[in-house]
There are 4 protein chains.
Amino acid sequence: MKRDKPKFKQIIDAAVVVIAEKGYHQAQVSKIAKQAGVADGTIYLYFKNKEDILISLFEEKMGQFVEKIRNKMARKESAVDQLYVLVENHFLMLSEDQHLAIVTQLELRQSNKDIRLKINKVLKEYLLLVDEVLHSGVESGDFSEDLDIRLARQMVFGTIDEVATTWVINEQKYDINKLAPGVHSLIAKGLRP
Amino acid sequence: MKRDKPKFKQIIDAAVVVIAEKGYHQAQVSKIAKQAGVADGTIYLYFKNKEDILISLFEEKMGQFVEKIRNKMARKESAVDQLYVLVENHFLMLSEDQHLAIVTQLELRQSNKDIRLKINKVLKEYLLLVDEVLHSGVESGDFSEDLDIRLARQMVFGTIDEVATTWVINEQKYDINKLAPGVHSLIAKGLRP
Amino acid sequence: MKRDKPKFKQIIDAAVVVIAEKGYHQAQVSKIAKQAGVADGTIYLYFKNKEDILISLFEEKMGQFVEKIRNKMARKESAVDQLYVLVENHFLMLSEDQHLAIVTQLELRQSNKDIRLKINKVLKEYLLLVDEVLHSGVESGDFSEDLDIRLARQMVFGTIDEVATTWVINEQKYDINKLAPGVHSLIAKGLRP
Amino acid sequence: MKRDKPKFKQIIDAAVVVIAEKGYHQAQVSKIAKQAGVADGTIYLYFKNKEDILISLFEEKMGQFVEKIRNKMARKESAVDQLYVLVENHFLMLSEDQHLAIVTQLELRQSNKDIRLKINKVLKEYLLLVDEVLHSGVESGDFSEDLDIRLARQMVFGTIDEVATTWVINEQKYDINKLAPGVHSLIAKGLRP
DNA sequence: GATGAATGAGGCTTCATTCAT
DNA sequence: AATGAATGAAGCCTCATTCAT
């Protein structure tokens, strides 16, 4: 499987660095190849085309992201606590990889519609995770029983995403992890019965 | 003043239509010129460059947007009611101009970092409006006294924006105006003392 | 109409020169543009793509070719004489434009299938001309009454084309016009009753 | 000798199949290797480069072709009969290997000038065969004594080749063997005293 | 003021060939 | 002898912007 070969990850990591440092439109395949330490043509042994690099990048990183959060959330009982884990780790993981934060919050958003549609599919996994917490919260009575799950999910994701994007736009000058309690509080209160 | 000449608005409106219908990356200057009924070169009598069209577009439309909402909000006394006016009219104005909704929620976001930074400056005006409501709500005791205004603003805007974007991605199939009460409720509860 | 603008012909003539001198695979668009004295992009104001240059080239030149020969043939009464005019002028026109001869006999034949199919359509016009002569010859009794027109056409064209190609491969060292009587004699005898 | 090892022929036959089925420009070395059931690198143990495959292909196939026809022609006495054998077997051998017919009549002609020049050298053997028939015909009085051998050869080859090419372009829909008498008649009459 | 023909820089991708195993 | 992963050169086309009319 291509995804398991070292060069696959090597190229994806190179793409993250190049896009973060040079910007989406300045991230030529040749620059990514150079950063990865391979020839231009080698890229195409592992990826169909440039678009495929970006989508794979998102799949790979977002996949780990969702899995990690899912695991950590499983250890908490209450939906409110799970929600805290979600917010906390979302911020934690962005702050652990500054390049990736720039790429996902800013650069990848200027990709064309095709790429964004495929990225959205990957994102669905994350949104499903949010839905699960919301459902379980409604059932346990932690959250309002007439919660519109779809709207609530949009509030949760919209808020977290906006906070993250603002942090990246401000060049990650402050510690986003410190914002987790405040964000969680705003969200959790909105969801309460 | 160029902004007041008929062709200035004519070109901006043409840009909105072309971008909404063809997408950001297919919105060439020549297409905008054709839609506006002027020659390519004429564009450059009214705008410095293509980037300037997009920023002016956002300034023009967002300016009217903020002004209208500000007026309507002024008629309400409580911060909670003002917040409702904000949400309601944000959705109302997007639903009144489907092309503009597509442009601001989807297409303009794939512009490069430079343009997005300048757009963000225009957006500040709107965010200030949110801040005002939040401040007045804190002062009146409607909202929690230890509200982190910055975070709260990000929740308000992030939520509204995410709801709007989701609606546009879903091709405006449902009536976004009907979502205003639910969105307001989620937000307002989050802000409560 | 684009075909009538001076730059259209200018670019086609440049293409003939470049292809003849550098060869089909070395005839980059930028070289053609340089030879034509225009910018690379200007090519694309007159032609859809590189393929379109080649097809237009063939259409333009072959069109004139067929028309001239048709006019000259009209002045002759007997099919045998018309056939002589055909052979004579085919050779004459190739010898008048050495570059074009190289392009049509050698270089254009290494184009891909798509281009060759479109070139074949243009060639049909020429083959129809041959068919007309053959038919009239059969009717007048100059040619055998059980002539298989299709086969006869293939002999006529195959022979003329082979003679022309051989002449070009031999770098046009001898005067191809002098071969017209011999070629005509071989062909005409083959067609006789 | 490399030519006698099984893989040599195996690769050439694979090349014929791939070129016939995918077309000249889609016949990458890797596809030929796959079809031959060897690794890409193995090709280069038997051939200097890709060009060498194509030329060897033509040599190999054309060599057999000429030899077979020469043998069959030897059994006939008169030049006219020998000419019939030539035409008949030329068509017969093309119709016996449809892939090879496509390759020699259509695909190999889009190779670059270098390859085509080398192919022409191989073709010389065949043309010499034609010359021999023509000479013997002139000597025996079957053909005109002032026959221009060079021109006559071009007529013979040009006609046969054009008939064959037309048949391949028409996807070998009809039986080319049935055309041999007609073609022979056209040619032989042209050569007569 | 208005036009629109002309400009020209810039990057993704393919594929013949090599060479360490 | 055989493999196949890795290499890297090379060119078509788009489109924002200019400027002579």
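The values are calculated or read from the model by the stated rules, or taken from the named source; none is laboratory data. Keep in mind that what you see is a predicted model, and the values were worked out from it rather than measured. Note that we place each Cβ from the backbone using ideal geometry, even for glycine, and neighbour counts take in every protein chain shown. Only protein heavy atoms, including side chains, enter the accessible area calculation; ligands, DNA and RNA are left aside. Shrake-Rupley method; radii C 1.70, N 1.55, O 1.52, S 1.80 Å.
Taken over the range D:7-26, the criterion of being away from DNA strand F (no atom under 16 Å from the Cβ) and either within 14 Å of chain C (Cβ to nearest Cβ) or among the aromatic types (Phe, Trp, Tyr) (or both) is satisfied by D:ILE19, D:ALA20, D:GLU21, D:LYS22, D:GLY23, D:TYR24, D:GLN26. Just so you know, in the range C:139-193 the residues that are more than 9 Å from chain D (Cβ to nearest Cβ) and within 13 Å of D:ALA152 (Cα to Cα) include one that is most open to solvent (accessible area, probe 1.4 Å), and it is C:PRO181.
Of the numbered conditions (1) exposed (fewer than 15 other Cβ atoms within 10 Å of the Cβ); (2) more than 16 Å from DNA strand F (Cβ to nearest atom), A:LYS72 satisfies every one except a single condition; which is it? That leaves (1) as the condition not met. Among residues of the range C:1-23 that are within 30 Å of D:LYS113 (Cα to Cα), those with a beta-carbon under 8 Å from a residue that is among the acidic types (Asp, Glu) and open to solvent by less than 10 Å² (accessible area, probe 1.4 Å) at least six positions away or on a different chain give the pairs C:ILE19/C:GLU107; C:ALA20/C:GLU107; C:GLY23/C:GLU107. Of the residues D:VAL85, D:VAL66, which single one is crowded, with 19+ Cβ neighbours inside 10 Å and either in a helix (DSSP H, G or I) or within 16 Å of DNA strand E (Cβ to nearest atom) (or both)? Going through D:VAL85, D:VAL66 in turn, the sole match is D:VAL85.
Taking B:GLN35, is it out of contact with any strand residue (DSSP E or B) (no Cβ under 9 Å at 6 or more places or on another chain), away from DNA strand F (no atom under 16 Å from the Cβ) and either under 30 Å from B:GLY190 (Cα atoms) or of a type outside the set (Gly, Ala, Ser) (or both)? No: the conditions fail for B:GLN35. Scanning the range D:164-173 for residues that are touching a residue at least 24 places away in the same chain (Cβ under 8 Å) and within 15 Å of the chain's Cα centre (by Cα) yields D:ALA164, D:THR165, D:TRP167, D:VAL168.
Only residues that are more than 22 Å from B:LEU106 (Cα to Cα) and of a type in the set (Lys, Arg) were counted across the range B:6-52, and they come to 3. C:PHE91 fulfils the conditions (1) touching a residue at least 40 places away in the same chain (Cβ under 8 Å); (2) within 14 Å of another protein chain (Cβ to nearest Cβ); (3) within 16 Å of DNA strand F (Cβ to nearest atom) except for a single criterion, (3). Report, by residue number, each residue of the range C:14-36 that is more than 14 Å from C:GLU51 (Cβ to Cβ) and outside any helix (DSSP H, G or I). C:GLY23, the sole residue that qualifies. Of the candidates D:LYS61, D:LYS76, D:LYS48, the single residue that is outside any helix (DSSP H, G or I) and more than 13 Å from DNA strand E (Cβ to nearest atom) is D:LYS76.
Across the range B:1-22, what is the number of residues that are within 13 Å of DNA strand E (Cβ to nearest atom), open to solvent by 10 Å² or more (accessible area, probe 1.4 Å) and among the aliphatic types (A, V, I, L, M)? Number satisfying all stated conditions: 1. Can you find even one residue in the range A:119-127 that is in contact with a His (Cβ under 6 Å, 6 or more places away or on another chain), touching a residue at least 24 places away in the same chain (Cβ under 8 Å) and either more than 28 Å from A:ASP148 (Cβ to Cβ) or among the hydrophobic types (A, V, I, L, M, F, W, C) (or both)? There is no residue in the range A:119-127 that is in contact with a His (Cβ under 6 Å, 6 or more places away or on another chain), touching a residue at least 24 places away in the same chain (Cβ under 8 Å) and either more than 28 Å from A:ASP148 (Cβ to Cβ) or among the hydrophobic types (A, V, I, L, M, F, W, C) (or both).
Looking across the range A:23-45, just one residue is more than 8 Å from DNA strand E (Cβ to nearest atom) and basic (Lys, Arg), and that is A:LYS34. Being within 30 Å of C:SER140 (Cα to Cα), of a type in the set (Asp, Glu) and at pLDDT 95 or above holds for only one residue in C:GLU77, C:GLU96, C:GLU88, and it is C:GLU88. Pairs meeting the criteria (first residue in the range D:30-57 and touching a residue at least 60 places away in the same chain (Cβ under 8 Å) and open to solvent by less than 40 Å² (accessible area, probe 1.4 Å), second residue of a type in the set (S, T, N, Q) and away from DNA strand F (no atom under 12 Å from the Cβ), beta carbons under 9 Å, at least 6 apart or on different chains) are D:LEU54/D:SER111. If you check C:ILE149 against the conditions, is it of a type in the set (A, V, I, L, M, F, W, C) and touching a residue at least 60 places away in the same chain (Cβ under 8 Å)? Criteria not met by C:ILE149.
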